[in-house]
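S.K.: Have a look at this one before I ask anything.
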Amino acid sequence: MTPEQIENAVSAQMPQAVEELKRLVAIPSVAFPGHPEEPVRAAAAMVEELLRGAGLPEVRQIPVEGSFPAVYGESPAPDGAPTVLLYAHYDVQPAGDPALWRTPPFEPTLIDGELYGRGAADDKSGVLTHILALRSFQGAFPVGIKVVVEGQEEYAGERLEAYVEKNPDLFRADAIVVADTGNPSVGDAAVTTSLRGLAAFTVEVRSLSESVHSGSFGGPAPDALAALIRMLASLHDEHGDIRVPGLPRGVFLGEGPSDEEFRAVAGVLDGVALTGSGSLADRLWASYAITITGLDVPTVKGAINAVQSVARARVTVRVPPAGDPGVAAKDVVEHLRQAAPWGVRVEVTDQVLGSGYLADTGGRARAALNRAMERAFGKAPRDIGAGGSIPLVATLIRQFPAAEILLYGAEDDGAAIHAPNERLVVDELQRAATAEALFLLDYGTL
C-alpha cells in the first residue's frame, strides 16, 4: 500500500468507527470494586468482535488472575519483518457525580465534532485507533501484529503485569505502541517520553469507639476528622511544595506548557494561584505530587452534630520515572503517622503501586513514527512528559529491554479524562489512527 491509500482507507472508515466508538462508550465498563461486572465483560466481548473484524487471524480473551480478561490478537510477521505490539484498555474511570456532566456519561453524544462520554478518550479512543489502523491493511499487514487490550488498567495495579511476566513470549515484540496518551492540544503532535509512576493507599484515622454528641463531648473528645485534616494538611507547605522528606523536586529536559495554557486547560479560577515551585514541566512530569482523591466523612447534607470517631482518605502519590513507588508510599505513610495528633490510631490499607518510565528516543521505530506523525499531523512530533501512570509500561521495559516503546494517542489535555464531561475530538482520532497505520507501513519497509 502507499501512504495515500492508507490515508484514504482511514478516512473512509471514520463514520463506521465513530458509531463503534459510541457503542463502546455506552458500555459502563467500570472495573472498580462495587461496580457491576457484566458491563466490563460486555466491553471485552465487543473489543474481541472489533479485533476479529480488523483482519487478525487469531483473537481470544485471556484470563488475568484477580482481574477482568484481556483481549489478545495476533498475526504472524512476514519474513524478515519486525513485530509490533499494540496496547490499549477498555475499562474506564467511574463517572462520578452525574450532576456535573452536561450530557449523560454513558450516553455518548456527538457535538460539533466532539464525542462526549466516559471513556471516549481514555482509553476507548486507543482501542479504535488500533482498529482503524489495522483495518486499513485488509489483513495484509506489513509487520507482525500483536494486540493486547486490558480490562482493569484504571484500578487494579499490577495484575496484567504479572501475566506478562509469566507469559513473555505472548507479548514479545520489536516495538510496542501504547495508545493511552495524547497531545498537549488538538493537532499539536507529540510523543510521550516520560511517565510518572503511582503509589496510592487509603489512610484511616480512629479516635473513639463510636461518634458522640458534639454538645456533650465536643472539646475534650478527639475528633478523627479534625485529626485527619491536620495530617493531610501537613503534606504540603504554604506554597504547595511537598514537605515529605525523601521526595525531592526533579527536572524535565524539555518544553512544558506556559502558565496561561495550563490555567486554561485545567480550569484554574481567576485569582487562584498555581501551587508549587519550579517550571511547570518539572512539576508535571519530573517531580512527586500528592493528591487527596477521596474522603470518607459525613456529608454536609444531613450532617448531625457529632464528634467523628473515624475518617478515611484516599491518597495518591505521582512518582517521577527514576523514583521507587514503594519507597515513596512508605515515606508518605511515615510522614502521616508522625503528623497524627493526640495519639489517634492510623491504619493504611488498599495500597496500589505502579512504576514510571523514561524513553530512549533514538531508535528505528521512533524515527518511523516521527515520519508518520509528521505526515498525519502536518508537523513533526515533539517530546513531552505525562503526569499519569501506565503500570504495564515498566513491566514491558523489564521483560523486553531491546524493544522500543512508543506512547501517543488521540487524547489531548482538554479531553477531561478522569473528570466530568470527558470528550474526544473525532478529527484527532483520525489523525492518530492515520499516523499509526503509516508507522506500521514505514516500519515494515525499512
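S.K.: Name every residue in region 415-439 that is surrounded by fewer than 19 Cβ atoms within 10 Å (Cβ to Cβ) and either touching a Ser or Thr at 6+ places or on another chain (Cβ under 9 Å) or assigned to a strand (DSSP E or B) (or both), in order of residue number.
M.R.: Listed by number, the list holds a single entry, ASN421.
S.K.: Which one of these does ASP122 not meet: (1) of a type outside the set (Phe, Trp, Tyr); (2) over 21 Å from LEU24 (Cα atoms); (3) under 16 Å from the mean Cα position of the chain (by Cα)?
M.R.: So the condition that ASP122 fails would be (2).
S.K.: Would you please name the residue that is nearest to the chain's Cα centre (by Cα), looking only at residues in region 264-284 that are modelled with pLDDT under 95 and either assigned by TED's automatic domain parsing to the domain that holds ALA386 or hydrophobic (A, V, I, L, M, F, W, C) (or both)?
M.R.: Applying the filter and picking the extreme gives LEU284.
S.K.: Being without any contact (Cβ under 8 Å) to a residue 60 or more places away in the chain and among the hydroxyl-bearing types (Ser, Thr, Tyr), is that true of even one residue in region 252-262?
M.R.: yes
S.K.: Please find, among ASP412, ASP442, ASP360, the residue that is within 14 Å of ALA179 (Cβ to Cβ), out of contact with any Phe, Trp or Tyr (no Cβ under 7 Å at 6 or more places or on another chain), surrounded by fewer than 24 Cβ atoms within 10 Å (Cβ to Cβ) and among the charged types (D, E, K, R).
M.R.: Details: ASP442 fails: within 14 Å of ALA179 (Cβ to Cβ); ASP360 fails: within 14 Å of ALA179 (Cβ to Cβ).
Within the list ASP412, ASP442, ASP360, the selection yields ASP412.
S.K.: Has region 187-203 got at least one residue that is assigned to a loop (DSSP other than H, G, I, E, B), within 20 Å of GLY73 (Cβ to Cβ) and small (Gly, Ala, Ser)? Break it down into steps so the answer makes sense when it comes.
M.R.: Taking region 187-203 first, the residues assigned to a loop (DSSP other than H, G, I, E, B) are 187-189, 196.
Imposing the further condition that a residue be within 20 Å of GLY73 (Cβ to Cβ) reduces the set to none.
So far as region 187-203 goes, no, none of its residues is assigned to a loop (DSSP other than H, G, I, E, B), within 20 Å of GLY73 (Cβ to Cβ) and small (Gly, Ala, Ser).
S.K.: Since ALA54 meets every condition but one in (1) closer than 27 Å to GLY139 by Cβ; (2) hydrophobic (A, V, I, L, M, F, W, C); (3) part of a helix (DSSP H, G or I), which condition does it not meet?
M.R.: The one condition ALA54 does not meet is (3).
S.K.: Scan the helices (runs of 4 or more DSSP H) fully inside region 214-333 and keep the ones with 1 or more residues being under 24 Å from HIS418 (Cα atoms).
M.R.: Details: elements: 214-217, 224-233, 259-266.
Once the helices (runs of 4 or more DSSP H) in region 214-333 are filtered for at least 1 residues that are under 24 Å from HIS418 (Cα atoms), what remains is 224-233, 259-266.
S.K.: Let me ask something else about it. Which residues, counting only those in region 337-357, are in contact with a Pro (Cβ under 6 Å, 6 or more places away or on another chain) and surrounded by fewer than 15 Cβ atoms within 10 Å (Cβ to Cβ)?
M.R.: Residue satisfying the conditions is TRP342 alone.
S.K.: Give me the residue from region 181-217 that is of a type in the set (D, E, K, R) and surrounded by fewer than 19 Cβ atoms within 10 Å (Cβ to Cβ) and, out of that set, nearest to the chain's Cα centre (by Cα).
M.R.: Here is the first cut: in region 181-217, the ones of a type in the set (D, E, K, R) are 188, 196, 204, 206, 210.
With the extra rule that they be surrounded by fewer than 19 Cβ atoms within 10 Å (Cβ to Cβ), the set shrinks to 188, 204, 206, 210.
Working: ASP188: 19, GLU204: 26, ARG206: 33, GLU210: 38 Å.
Restricting to residues being of a type in the set (D, E, K, R) and surrounded by fewer than 19 Cβ atoms within 10 Å (Cβ to Cβ), the top hit is ASP188.
Rundown of residues vs (1) at pLDDT 95 or above; (2) hydroxyl-bearing (Ser, Thr, Tyr), yes/no style:
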residue: ALA189; (1), (2): yes, no
residue: SER194; (1), (2): no, yes
residue: GLY197; (1), (2): no, no
residue: LEU208; (1), (2): yes, no
residue: GLY219; (1), (2): yes, no
residue: GLU238; (1), (2): yes, no
residue: LEU253; (1), (2): no, no
residue: SER258; (1), (2): no, yes
residue: PHE262; (1), (2): no, no
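S.K.: List, please: which pairs have Cβ atoms under 7 Å, are six or more places apart or on different chains, and start with a residue in region 60-85 that is of a type in the set (Asp, Glu) and end with one that is in a strand (DSSP E or B)?
M.R.: That search, which allows pairs on different chains as well, returns GLU74/GLU58; GLU74/ILE145; GLU74/LYS146.
S.K.: Filter region 218-258 down to the residues that are surrounded by fewer than 12 Cβ atoms within 10 Å (Cβ to Cβ) and acidic (Asp, Glu) and list them by number.
M.R.: Answer for region 218-258, where residues must be surrounded by fewer than 12 Cβ atoms within 10 Å (Cβ to Cβ) and acidic (Asp, Glu): just GLU238.
S.K.: Quick one: in region 100-151, of everything that is of a type in the set (Asp, Glu) and more than 18 Å from LEU406 (Cα to Cα), which residue is surrounded by the fewest Cβ atoms within 10 Å (Cβ to Cβ)?
M.R.: First, the residues of region 100-151 that are of a type in the set (Asp, Glu): 107, 112, 114, 122-123, 150.
Now restrict to residues that are more than 18 Å from LEU406 (Cα to Cα): 107, 112, 114.
Details: GLU107: 13, ASP112: 6, GLU114: 18.
By that ranking, first place goes to ASP112.
S.K.: Tell me, which residue of region 392-418 that is of a type outside the set (A, V, I, L, M) and in contact with a helix residue (DSSP H, G or I) (Cβ under 6 Å, 6 or more places away or on another chain) is nearest to GLY151 (Cα to Cα)?
M.R.: We begin by selecting, within region 392-418, every residue of a type outside the set (A, V, I, L, M); these are 395, 398-401, 404, 408-409, 411-414, 418.
From the residues that got through so far, the ones that are in contact with a helix residue (DSSP H, G or I) (Cβ under 6 Å, 6 or more places away or on another chain) too are 395, 399, 404, 409, 413-414.
On the way: THR395: 17, GLN399: 21, GLU404: 24, GLY409: 18, ASP413: 23, GLY414: 24 Å.
Only one residue fits best here, namely THR395.
S.K.: Can you tell me which residue within region 57-79, out of those that are small (Gly, Ala, Ser), modelled with pLDDT of 95 or more and over 19 Å from the mean Cα position of the chain (by Cα), is nearest to PHE32 (Cα to Cα)?
M.R.: Narrowing region 57-79 to residues small (Gly, Ala, Ser): 66-67, 70, 73, 75, 77.
With modelled with pLDDT of 95 or more added as a condition, the list becomes 70, 73, 75, 77.
Applying the additional criterion that residues be over 19 Å from the mean Cα position of the chain (by Cα) yields 73, 75, 77.
On the way: GLY73: 25, SER75: 32, ALA77: 36 Å.
Taking the candidates together, the pick is GLY73.
S.K.: Still on this structure, please answer the following. Kindly establish whether GLY113 is in contact with a helix residue (DSSP H, G or I) (Cβ under 6 Å, 6 or more places away or on another chain), within 29 Å of ALA329 (Cα to Cα), of a type outside the set (Val, Ile, Thr) and at pLDDT 95 or above. Lay out the reasoning, then the answer.
M.R.: Values: in contact with a helix residue (DSSP H, G or I) (Cβ under 6 Å, 6 or more places away or on another chain): yes; within 29 Å of ALA329 (Cα to Cα): no; of a type outside the set (Val, Ile, Thr): yes; at pLDDT 95 or above: yes.
Answer is no for this residue.
S.K.: A further question follows. ALA43: of a type outside the set (S, T, N, Q), part of a strand (DSSP E or B) and either touching a strand residue (DSSP E or B) at 6+ places or on another chain (Cβ under 6 Å) or buried (at least 22 other Cβ atoms within 10 Å of the Cβ) (or both), yes or no? Before you say what the answer is, go through the steps one by one.
M.R.: Values: of a type outside the set (S, T, N, Q): yes; part of a strand (DSSP E or B): no; either touching a strand residue (DSSP E or B) at 6+ places or on another chain (Cβ under 6 Å) or buried (at least 22 other Cβ atoms within 10 Å of the Cβ) (or both): yes.
No; evaluated as a whole, the condition is false for this residue.
S.K.: Let me ask something else about it. Take the residues in region 311-331 that are buried (at least 22 other Cβ atoms within 10 Å of the Cβ) and either aromatic (Phe, Trp, Tyr) or out of contact with any Phe, Trp or Tyr (no Cβ under 8 Å at 6 or more places or on another chain) (or both); name whichever of them is modelled with the highest pLDDT.
M.R.: Here the answer is ALA311.
The values are calculated or read from the model by the stated rules, or taken from the named source; none is laboratory data. Values in this document were obtained by computation on a predicted structure and should not be read as measured data. In this analysis, Cβ positions are derived from the backbone assuming ideal geometry, glycine residues included, and neighbour counts consider all displayed protein chains.
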